[in-house]
Amino acid sequence: VRGQVPPAEVRQILDAASAGGIDTIDTAAAYGESEQVLGMVGVARWQVVTKLPPLPEQVLDVSGWALEIVQRSLARLRVPRLHGLLLHRSRDLLGPRGRKLYATLQRLQNAQMVRGIGVSIYDPDELDSVFPVYSLQLVQAPFNVLDRRIVQSGWLTRLLAAGIEVHTRSAFLQGLLLLGAHERPAKFSRWAGVWRQWDDFTLGSRERRLSAALGFVLSTPGISRVIVGIDCLRQLQEITAAAENADREAPDLRCDDLQLLNPARWTELGSGPTDPA
Ligand SMILES: NC(=O)c1ccc[n+]([C@@H]2O[C@H](COP(=O)([O-])OP(=O)(O)OC[C@H]3O[C@@H](n4cnc5c(N)ncnc54)[C@H](OP(=O)(O)O)[C@@H]3O)[C@@H](O)[C@H]2O)c1
């Protein structure tokens, strides 16, 4: 990962994205200075989704905490309203502080500072405790050729039936699905069977990996927005070109191992002798 993208390149990225039919930006208060840079470049015409950071243990005035963070996000982004406000950690909605937090999000919605409120999840199981209790308008979940939990669990169908907008991220599993066999860090070699199938399906071609990974999520009905992570303009250009004639044939591939599916758990894998520096 390259770190922060310079503002001039962010401007080029937004222009190219807009020309390519992209209309939504996903960011978070926790993503370094990204809100500030987006605000500087100008995102008033975009649908902006941002996230509240995890609620710190010691916070007693939940309402004051949330209001201040959202006001700061709006000020940094220089927009009067967010398309979506997601909780970066859905379990913040559980318990008595959760009720206060939700009531505060509703106040922001009533004041038209936020259109939809929702959660960013790491596992569809998180919805079991939140969905029956709270009315949400937006859910962001990981989804890719390997990680089909949102579909297999039946949650995608349930969310759509309830009229909830679903955004998916992780189409490239933090870029891992785009790496060739020789670029893949050694710590992932325990899933050799998965990689063999993926490499066979994509014929060892970088272009086909991009096209197949993107085609799979784009061709799944019901998903409102597919979020892609990019480090530079060139990657966006590759994505918009690939999206036009993306591979709509889904590989028969899946994995249930959370150690691979959840990038937060990759640190547990240690590093291998052939990891790139
Ligand atoms: N042609 C190419 O070579 C090409 C093309 C496209 C992409 N890529 C690679 O693929 C990667 C993206 O893959 P993906 O879309 O599948 O990603 P992903 O799995 O959705 O992962 C994105 C991760 O980055 C964090 N994140 C998102 N926005 C961020 C920001 N503005 N600042 C800091 N952290 C942020 C998220 O953290 P939270 O979970 O905490 O929210 C999430 O863990 C890119 O970084 C790029 O390296 C390569």
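Across the stretch 30-80, what is the number of residues that are of a type in the set (D, E, K, R) and either surrounded by 15 or more Cβ atoms within 10 Å (Cβ to Cβ) or part of a strand (DSSP E or B) (or both)? Total satisfying the criteria: 4.
The condition of being buried (at least 17 other Cβ atoms within 10 Å of the Cβ) and either in contact (Cβ under 8 Å) with a residue 60 or more places away in the chain or of a type in the set (Val, Ile, Thr) (or both) holds for only one of Val139, Val133, that being Val139. Within the stretch 1-20, the residues that satisfy the criterion of being free of Cβ contacts under 8 Å to residues at least 12 places away in the same chain and part of a loop (DSSP other than H, G, I, E, B) are Gly3, Pro6. A count restricted to the stretch 89-103 and to residues that are surrounded by fewer than 20 Cβ atoms within 10 Å (Cβ to Cβ) and in contact (Cβ under 8 Å) with a residue 12 or more places away in the chain stands at 6. When the stretch 156-185 is filtered for residues that are surrounded by fewer than 14 Cβ atoms within 10 Å (Cβ to Cβ) and either more than 16 Å from the ligand (Cβ to nearest atom) or among the hydroxyl-bearing types (Ser, Thr, Tyr) (or both), the ones remaining, listed by number, are Thr157, Arg158, Ala161, Ala162, Gly163.
Selection within the stretch 21-43: residues that are touching a residue at least 40 places away in the same chain (Cβ under 8 Å) and among the charged types (D, E, K, R). The member of this set that is farthest from Pro80 (Cα to Cα) is Asp26. Which of the residues that make up the stretch 255-268 are surrounded by 11 or more Cβ atoms within 10 Å (Cβ to Cβ) and either in a helix (DSSP H, G or I) or in contact with a Leu (Cβ under 6 Å, 6 or more places away or on another chain) (or both)? The answer is Cys255, Leu258, Gln259, Leu260, Leu261, Pro263, Arg265, Trp266.
Quick grid of which residues meet (1) in contact with a strand residue (DSSP E or B) (Cβ under 6 Å, 6 or more places away or on another chain); (2) over 20 Å from Ala141 (Cα atoms); (3) of a type in the set (Ser, Thr, Tyr):
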residue: Arg89; (1), (2), (3): no, no, no
residue: Leu93; (1), (2), (3): no, no, no
residue: Leu108; (1), (2), (3): yes, yes, no
residue: Gly118; (1), (2), (3): yes, no, no
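So which residues in the stretch 205-231 are without any contact (Cβ under 8 Å) to a residue 40 or more places away in the chain, within 15 Å of the ligand (Cβ to nearest atom) and not acidic (Asp, Glu)? If the condition is that a residue be without any contact (Cβ under 8 Å) to a residue 40 or more places away in the chain, within 15 Å of the ligand (Cβ to nearest atom) and not acidic (Asp, Glu), then Ser205, Arg206, Arg208, Arg209, Leu210, Ser211, Gly215, Leu218 are the ones that fit.
Each value in this text was obtained by applying a stated rule to the coordinates, not by laboratory testing. Note that the structure is a prediction, hence the values are computed from the model and not measured. Using ideal geometry, Cβ is built from the backbone for each residue, glycine included, and neighbour counts are taken over all protein chains shown.
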